[in-house]
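Encoded as structure tokens, the structure appears first; notes follow it.
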Amino acid sequence: QHPAARAKLRAEIDRVLGRRVPTMQDLDELHYTEQVINESLRLYSPIHSISRVALEADTLGGYTIPAGATIYVSLHATHRLERFWPDAERFDPERFAPEQNERRPRFAFIPFAAGHRNCIGGTTAIAELKLAIALLAQRYELDLAPGHRVEAAAGTTMYPRYGMNMLARAI
């Protein structure tokens, strides 16, 4: 749905890989690919919320939190806070350019949670996504099927309520 981002992604993959199969050594060169992945994870987080138990009483955002209280953090809401993500509903991989990342607080983007209970597989997931996207982008142009509705649904993880009907064109 974003032709300029698709073109930039394809240009990077063509430059880094050409037509050869990507290897783990290529991952560090796929910068824009990672930006596309991160922006996709920002908009469509794999988990909808995380919870933590307050070990001691505290105040958070002007609210008193008693010891033992369970606090829920919505990743959907966190990843759309306008002070960190202007025009938050817009898909913009440039949000994850290195200079943008340096200006943003560490916990403004937490697709795999954060702290000592973050997802141990988060780094592996990014590596797998880079490899999969590189392989797909080398061979196909994917478009959302006309009229297909995209809506997130919450389960153990987030998923597309109506699936993702795509049209694949070999390139």
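The values are calculated or read from the model by the stated rules, or taken from the named source; none is laboratory data. Being a predicted model, the structure only gives us computed values, none of them experimental. Glycine gets a Cβ as well: all are built from the backbone with ideal geometry, and neighbour counts include every protein chain shown. These accessible areas exclude ligands, DNA and RNA; they are computed on the full protein's heavy atoms, side chains included. Shrake-Rupley method; radii C 1.70, N 1.55, O 1.52, S 1.80 Å.
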Worksheet entry | the range 69-129: radius of gyration over Cα atoms, expressed as a fraction of 2.2 N^0.38 Å | 1.22
Practice prompt. Return one whole number: the accessible area per residue of the range 1-55 in Å², for a 1.4 Å probe.
Written response: 56
Worksheet, complete the sentence: Per residue, accessible area of the range 74-149 with a 1.4 Å probe, heavy atoms of protein chains only, in Å², comes to 61
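Counting only protein heavy atoms and a 1.4 Å probe, tell me what percentage of the range 4-83's accessible area is made up of carbon and sulfur.
Roughly 58 percent of what the probe reaches on the range 4-83 is carbon or sulfur.
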Discussion item. Bins of 10 Å, beginning at zero and ending with the bin holding the largest distance: percent of Cα pairs per bin for the range 64-171, please.
Written reply: 10, 29, 40, 17, 3, 1
Worksheet item: Along the range 71-81, what does the Karplus equation 6.51 cos²θ - 1.76 cosθ + 1.60 (θ = phi - 60°) give for ³J(HN,Hα), rounded to whole Hz, x for Gly and Pro?
Response: 10, 9, 10, 7, 5, 4, 6, 4, 7, 10, 5
Worksheet item: Given the rule -39500 (n - 2.57) for each run of at least 4 DSSP H residues, summed and divided by the residues of the chain, what is its mean residue ellipticity at 222 nm, to the nearest 500 deg cm²/dmol?
Response: -10000 deg cm²/dmol
Worksheet, complete the sentence: The relative contact order of the range 3-155, taking Cα pairs under 8 Å that sit 6 or more residues apart, comes to a percentage of 29
Item to complete: Quantify, in whole percent, the carbon and sulfur part of the accessible surface of the range 95-171 (1.4 Å probe; protein heavy atoms only).
Response: 57
Discussion item. Treating only the Cβ of Lys, Arg, Asp and Glu as charged (+1, +1, -1, -1), what charge dipole size does the range 19-138 show about its Cα centre? Round to the nearest 20 debye.
Written reply: 200
